[in-house]
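The structure under discussion appears below in the form of structure tokens.
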Ligand code: SF4
């Protein structure tokens, strides 16, 4: 794989709310870290909502929600949550796999379980979030979130038998013919 080098400006400021959340959720044993690509398009919106559903509604005791920007751009509490997690879930809006590629850039040994959200709800969504009814985002995100939670029984990060939609153990190739396939 080819790489590009990125220079990220360091800052000394910390977000108190973010650090407090990270400290509170830095448990022993560590919680499952749940991140999403956070894309601005409709696919990213589904991924973001699904990650929030998992961490805040469906499995709040066993998971912690990762702020991708905070974990990627500074080495403080959020990145530590990812670093010490035994399992990291990356919910990706499309095959570009932004969250897993970003975080493996700063934590090279990271092996996130990649959930390709678009393969779970199985639609080729448009770019604009104004082109998808708000309630449908919740439907698609719930499908993805329940798929993620069902997969928590995976022993080694792989899928349970007969449950493979949207699951990939590493950054895989693009699907042919478009994001929705
Ligand atoms: S994974 Fe796809 S949808 Fe998500 S931020 Fe990257 S390009 Fe956008």
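Shape descriptor for region 16-168: Rg over Rh equals 0.95 (Cα atoms; Rh from the Kirkwood inverse mean 1/r). Beta bridges per DSSP, both residues in region 16-168: antiparallel share near 15 percent. Summarising the label geometry, the points placed 7 Å from Cα in the beta-carbon direction at residue 96 and residue 5 lie 2.4 nm from one another.
Centroid-to-centroid, using Cα positions, region 1-70 and region 93-137 are 13 Å apart. Extending 7 Å from the Cα toward the beta-carbon at both residue 75 and residue 27 defines two label points whose distance is 2.8 nm.
Readers should treat all values here as calculations from the given coordinates under stated rules, not as data from a laboratory. All of these numbers come straight from a predicted model, not from anything done at the bench. Heads up, the Cβs are rebuilt from the backbone with ideal geometry, glycines too, and the neighbour counts pull from every protein chain shown.
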